[in-house]
Amino acid sequence: MPRWKPDAVERLQAAALDLFDEQGFERTTVAEIAQRAELTQRTFFNHFPDKREVLFEMSSKLQQEVVGEIEAADHALEPLDAVMRALEVVAEKLLESRRAVVVRRYAVIAANRELQERELGKHAVLTESIAAALTARGCDPATAFLAAGAAMLAQQAAFQRWTRPGETRTLRDLLPEAVRALRTTVGVS
């Protein structure tokens with residue numbers, strides 16, 4: 001096995017998703033992932049602390065990008081609008097080009113209770129970061145908390161639709177639809 005090959009992270013993620021599809025998350029080992037990627041276990045552990053993190057590797061980058069977009073947003077925007085605009089930009093920037101991988105990742109997570117709990121934890125951290133970014137923009141903490149939570153609900157609704165088989169619209173296109181549905185649900189136009 002060669003000591004170094006390019007694109008190790010992407011190859012490890014692809015190998016992991018293939019194996020998770022074939023034999024399930026629980027029955028897949030790090031050794032199998034590394035072998036499928038034609039890399040060593042040491043290389044795996046240089047990039048990921050465990051096999052779960054193969055699925056959650058983008059969480060930190062996503063969080064940084066969303067917070068950065070909120071910080072850069074026009075201060076005249078209402079809190080929910082600032083967050084939704086940030087989510088739209090980040091969806092286009094980070095997720096759309098990886099749609100097939102994200103859909104496969106979502107299916108693996110949906111099939112495993114432990115991974116679902118981890119995903120919920122990552123969503124909670126992102127929600128808290130969004131609320132903190134809104135507060136830093138001068139938003140009242142309670143309003144920031146509500147706007148962050150509402151935005152994440154809309155994002156999750158759009159994401160679920162985006163990952164459905166046959167859906168062709170972009171996540172960026174689905175996000176405004178989800179926030180309109182949210183506003184209708186709570187009686188705000």
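Here are the numbers for the structure shown:
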quantity: Among the residues listed as Val89, Val102, the single one being in contact with a helix residue (DSSP H, G or I) (Cβ under 8 Å, 6 or more places away or on another chain), within 20 Å of Gly68 (Cβ to Cβ) and assigned to a helix (DSSP H, G or I); calculated: Val89
quantity: Filter result (within 30 Å of Glu114 (Cβ to Cβ) and among the small types (Gly, Ala, Ser)) within the range 37-88; calculated: Ala37, Ser59, Ser60, Ala86
quantity: Hits in the range 20-50 (condition: free of Cβ contacts under 8 Å to residues at least 24 places away in the same chain and within 21 Å of the chain's Cα centre (by Cα)); calculated: Pro49, Asp50
quantity: Some residue of the range 47-59 being in a helix (DSSP H, G or I) and over 30 Å from Phe145 (Cα atoms); calculated: yes
quantity: Qualifying residue in the range 12-20 (condition: surrounded by 12 or more Cβ atoms within 10 Å (Cβ to Cβ), acidic (Asp, Glu), modelled with pLDDT of 95 or more and not assigned by TED's automatic domain parsing to the domain that holds Glu114); calculated: yes
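The values are calculated or read from the model by the stated rules, or taken from the named source; none is laboratory data. Because the structure is a prediction, the values reported are computed rather than measured. Counting neighbours? That spans all protein chains shown, and the Cβs are built from the backbone with ideal geometry, glycine included.
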